[in-house]
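Asks: Let me begin by handing over the structure; questions about it come next.
The values are calculated or read from the model by the stated rules, or taken from the named source; none is laboratory data. Keep in mind it's a predicted model, so treat the numbers as computed, not measured. In this analysis, Cβ positions are derived from the backbone assuming ideal geometry, glycine residues included, and neighbour counts consider all displayed protein chains.
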Amino acid sequence: MIPALDIDPFCQDFFDDPYPAHAAMRDAGPVVYLPRYGIHAVARYDDVRAMLMDWGSYSSARGVGISDFAKEKPWRLPSLLLETDPPLHDRTRKLMDKVLSPAAVRALRQSFAAAADSLIDDLLVRGSFDAVRDLAEAYPLTVFPDAVGMPPENRRFLLPYGNMVFNSFGPRNSFFETAVADAEPVLAWVQAQSKREALTASGFGAAIHAATDTGEFTTAEAEVLVRSLLTAGVDTTVNGLCAAVYCLARFPTALEQLRADPSLARAAFEEAVWLESPVQTFFRTTTRDVTIGDETLSEGTKVLMFLGAANRDPRRWDHPDDFDMARRNAGHVGFGTGIHGCVGAVLARLEGELVLNAIARKVASIEIMGEPKRRYNNTLRGMASLPVRMTAAAET
Ligand code: 4MI
């Protein structure tokens, strides 16, 4: 018998504190049933990881949200990257791997570092600010659209767009409905921004469109792949940076260690992604009858993977609720793993490293000045606001 649990993983109470429910699902068994939505779920590290690795049994092509594309019309044109299986996925992923290669990302280091330093300098002049709007959102919203090759106008539209898409992976609840209420101008803008003519001649966008010159990709395909960048490139990193700042504010000894050794910046960002798991969940759909533990799921079953619960599974991690930059967190699933493992992780890690390195060199203290407000989203874990005061370190 697969244990049935009365848990709603898409409601405000759950988002306010998902951890007791995560533990209940992990403890109930390797796979559980959530009757509220008629879905199955896995929350243990080993089972989440195994599912991510087995793309042949657990398909992405029927959607990685609760909606089954075999039964319902997708909310938007499906992604050619996220919502595909091999062999189509091999072709699109190969192009995105090339566009976002370590060498391509390395070329951005100097300008991204300058932007991080100047942002932290400006924030130190202000002293008190909102770490979500003024830091975690501000940084990716500058450097990422620049790297894609987008014009300066309306870049903030990327935030409501991400909010819509990441809500759309959950049920059609009030979070989704609110997010899509005024969708039209944002959707039109995203579509227009995906076109070759809208993008500068250098940048990730142009690099994707260049693959149409050889006939390997159609213009329509290139536009949907640029849309993947615009969807996945901002909100995710925003919530990763927000998580990192929130950790440093709550764990002052960690900030002291980081200040003493700024080369810990990369480890600090990774640990924040591990601990907070900005992308909390994705679905797969079974392609055949599968066995998990002693249980069988029939073909065509939606299974929800709790990445955030896997990253805090005490079966896998020591003191799983602590922020510890010395932890060996390799193998965490905050960026997923397997063929769909985050293609932008190199870029996200660069952004995280550079912002935290600037903080390490320039900031003496981070103090939380008011009640942090959570941002409710069916997929992403993050905050709507985090009022802080930052003081400057003595010049060296
Ligand atoms: C994991 S976040 C994400 C990745 C890819 C896409 C959207 C979100 C996409 O549209 O391809």
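Asks: Quick test of your reading of the structure: TRP55 fulfils all but one of (1) in contact (Cβ under 8 Å) with a residue 12 or more places away in the chain; (2) surrounded by fewer than 20 Cβ atoms within 10 Å (Cβ to Cβ); (3) not in a loop (DSSP other than H, G, I, E, B). Name the failing condition by number.
Replies: Only one criterion in (1) in contact (Cβ under 8 Å) with a residue 12 or more places away in the chain; (2) surrounded by fewer than 20 Cβ atoms within 10 Å (Cβ to Cβ); (3) not in a loop (DSSP other than H, G, I, E, B) is unmet by TRP55, namely (3).
Asks: Restricting attention to the range 3-19, report how many residues are among the hydrophobic types (A, V, I, L, M, F, W, C), touching a residue at least 60 places away in the same chain (Cβ under 8 Å) and either surrounded by fewer than 18 Cβ atoms within 10 Å (Cβ to Cβ) or over 22 Å from VAL64 (Cα atoms) (or both). Spell out the reasoning first.
Replies: Initial filter on the range 3-19 (among the hydrophobic types (A, V, I, L, M, F, W, C)): 4-5, 7, 10-11, 14-15.
Now narrow it down to the ones that are touching a residue at least 60 places away in the same chain (Cβ under 8 Å): 10-11, 15.
With the extra rule that they be either surrounded by fewer than 18 Cβ atoms within 10 Å (Cβ to Cβ) or over 22 Å from VAL64 (Cα atoms) (or both), the set shrinks to 11.
Of the residues in the range 3-19, 1 are among the hydrophobic types (A, V, I, L, M, F, W, C), touching a residue at least 60 places away in the same chain (Cβ under 8 Å) and either surrounded by fewer than 18 Cβ atoms within 10 Å (Cβ to Cβ) or over 22 Å from VAL64 (Cα atoms) (or both).
Asks: Are any residues in the range 330-361 surrounded by 20 or more Cβ atoms within 10 Å (Cβ to Cβ) and away from the ligand (no atom under 16 Å from the Cβ), and if so, which ones?
Replies: LEU350, GLU353, LEU354, VAL355, LEU356, ASN357, ALA358, ILE359, ALA360, listed by residue number.
Asks: Moving on to the next point. I'd like the residue in the range 76-95 that is part of a loop (DSSP other than H, G, I, E, B) and either surrounded by fewer than 15 Cβ atoms within 10 Å (Cβ to Cβ) or at pLDDT below 95 (or both) and, out of all such residues, is farthest from the ligand (Cβ to nearest atom).
Replies: Here is the first cut: in the range 76-95, the residues part of a loop (DSSP other than H, G, I, E, B) are 76-87.
This time we only want the ones that are either surrounded by fewer than 15 Cβ atoms within 10 Å (Cβ to Cβ) or at pLDDT below 95 (or both), so: 77, 86-87.
Working: LEU77: 10, PRO86: 16, PRO87: 17 Å.
Here the answer is PRO87.
Asks: So which of ALA114, ALA70 ends up being part of a helix (DSSP H, G or I) and at pLDDT 95 or above?
Replies: Working: ALA70 fails: part of a helix (DSSP H, G or I).
None of the other options fit; the residue is ALA114.
Asks: Follow-up. For the range 195-248, which residues satisfy the criterion of being among the hydroxyl-bearing types (Ser, Thr, Tyr), crowded, with 23+ Cβ neighbours inside 10 Å and within 16 Å of the ligand (Cβ to nearest atom)? Spell out how you get there, then give the answer.
Replies: Looking only at the range 195-248, we keep the residues that are among the hydroxyl-bearing types (Ser, Thr, Tyr), and these are 200, 202, 212, 214, 218-219, 228, 231, 236-237, 246.
Add one more test, that the residue is crowded, with 23+ Cβ neighbours inside 10 Å, and what stays is 236-237, 246.
Matches in the range 195-248: THR236, THR237.
Asks: Ok, one more. Considering only residues of the range 253-273 that are over 23 Å from the mean Cα position of the chain (by Cα), farther than 14 Å from ASP322 by Cβ and of a type outside the set (A, V, I, L, M), which is surrounded by the most Cβ atoms within 10 Å (Cβ to Cβ)?
Replies: The qualifying residue surrounded by the most Cβ atoms within 10 Å (Cβ to Cβ) is ARG259.
Asks: Further question: Six or more apart or on different chains, Cβ under 8 Å: which pairs go from a residue in the range 20-43 that's closer than 18 Å to ASP68 by Cα to one that's of a type in the set (S, T, N, Q)? Could you list them?
Replies: HIS40/THR301
Asks: Suppose we keep only residues that are crowded, with 19+ Cβ neighbours inside 10 Å and in a loop (DSSP other than H, G, I, E, B) within the range 96-111. Which one would you say is nearest to the ligand (Cβ to nearest atom)? First the steps, then the outcome.
Replies: So in the range 96-111, the residues crowded, with 19+ Cβ neighbours inside 10 Å come out as 96, 99-100, 105, 108.
Next cut, in a loop (DSSP other than H, G, I, E, B) only: 100, 108.
On the way: LEU100: 12, LEU108: 20 Å.
That would be LEU100.
Asks: Same structure, new question: May I ask you to list pairs of residues, at least six apart or on different chains, whose Cβ atoms are under 6 Å apart, with the first in the range 234-262 being in a helix (DSSP H, G or I) and the second being within 16 Å of the ligand (Cβ to nearest atom) and of a type in the set (Val, Ile, Thr)?
Replies: Listed by first residue and then by second, the contacts come to GLY240/VAL273.
Asks: Name the single residue that is surrounded by the most Cβ atoms within 10 Å (Cβ to Cβ) among those in the range 156-177 being more than 16 Å from the ligand (Cβ to nearest atom) and over 21 Å from LEU386 (Cβ atoms).
Replies: If we filter the range 156-177 for residues that are more than 16 Å from the ligand (Cβ to nearest atom), which is where we start, we get 156, 171-175, 177.
Subset that is over 21 Å from LEU386 (Cβ atoms): 171-174, 177.
Numbers: PRO171: 20, ARG172: 14, ASN173: 15, SER174: 13, GLU177: 10.
For the range 156-177, the residue satisfying everything is PRO171.
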